[in-house]
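The values are calculated or read from the model by the stated rules, or taken from the named source; none is laboratory data. None of these values were measured; they are calculated from a predicted model. Heads up, the Cβs are rebuilt from the backbone with ideal geometry, glycines too, and the neighbour counts pull from every protein chain shown.
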Amino acid sequence: MKDIVIINPGLYTTVQDRGRWGYQEYGMPVTGAMDDYSLRLANILVGNDEYDAVLETTLNGPEISFNTDVVAAITGANMVPRVNGYTVPMWRSLKLSKGDVLSFEMAREGTRGYIAFAGGLDIPPVMGSRSTYVRGAIGGYEGRKLKSNDEIDLRDKNLPIEQLADRIIPPQYIPQYEDSCIIRVIPGPQDDYFTEESIEKFFNSEYEITKEADRMGYRLSGPQLIHKAGADIISDGINLGSVQVPGHGMPIIMMSDRQTTGGYTKIATVISSDIPVMAQLKPGNKVRFEKIDIREAHKVLKEYENKIKEIKDYVNSYQLNTAGMKRYNLKIEGVSYEVMVEEIV
């Protein structure tokens, strides 16, 4: 048997990394993790490359057993992870032993969770990526979402497990997932196709995520947006975060599995730094749009990247600071705790 065995796959669990870049001109979608922030922090915790492949879960996570000792980290939506029935912390690297079973509940906050494993998943890359594109049956695990009894090996099994365990993300860097949020967008590229009243309405109204929301796109409901002379344009490229508005006047935000081109007007584009926030919204959640310009968007992106660098530096230094500490497992009133003790001479 392989290192990782899927007992129960959960609602929708796939293998995802940064995505399949450089092939959109041939009609191949980028795909990749919906929440870039959670993907990268999960990998940082276990010592992988930031964009290594992980398991992306949706609304409820899988049940997984292990045939080897492994270090894992769980980020993103709070699905109440448990090991052998006992709750374990998120946003921290965990040492799991052979025979352990990792399980989850339905998400209490957020929508998508990320499970990274030290050493990476032994999944063959397709066009430079291990991401799953389910609609095209490409990449990931046989081009599909995971099923019960699927097995995956780790690429690198000769890792210093003890040194990689117990690395943490500081609390101030852990996102809080709300039922309503403000998403920053850059107007255009076809905002001039809409009436002035509709543009004002778009930036001053609240929209709701409908049930038609998946990895391809989020359809919204709210005030109808009116075109000056029709919704169709000559097909052009679809960026991550493009806000398409077909003839019915309801916005659709294009996400990771979006098509490469489209023939509907786009009133705005969600900035890349806010895509992780969008990715954690679920049907019924509310969103408002805030207009910013390209210069502000670049500034926000720089701050986003600097934050991730700060986190990576902290995690690596935390590992050094705790290398000589001893770990003890305690159980109090049925709840398991790990305690780290430093000997002072």
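Things to note:
- Selection from the range 5-57 of residues that are of a type in the set (S, T, N, Q) and surrounded by fewer than 22 Cβ atoms within 10 Å (Cβ to Cβ): Asn8, Gln24
- Condition met for Glu162 (outside the structural domain of Gly247 (by TED's automatic domain parsing), loosely packed, with under 14 Cβ neighbours inside 10 Å and modelled with pLDDT under 95): yes
- Residues in the range 262-295 that are under 30 Å from Ala137 (Cβ atoms) and of a type in the set (Lys, Arg): Lys266, Lys282.
- Qualifying residue in the range 95-103 (condition: aliphatic (A, V, I, L, M), at pLDDT 95 or above, in a strand (DSSP E or B) and crowded, with 20+ Cβ neighbours inside 10 Å): yes
- Counted residues, the range 199-228 - those being buried (at least 20 other Cβ atoms within 10 Å of the Cβ) and among the hydroxyl-bearing types (Ser, Thr, Tyr): 2
- Taken together, the residues in the range 233-261 that are part of a strand (DSSP E or B) and under 22 Å from Gly139 (Cβ atoms) amount to 3.
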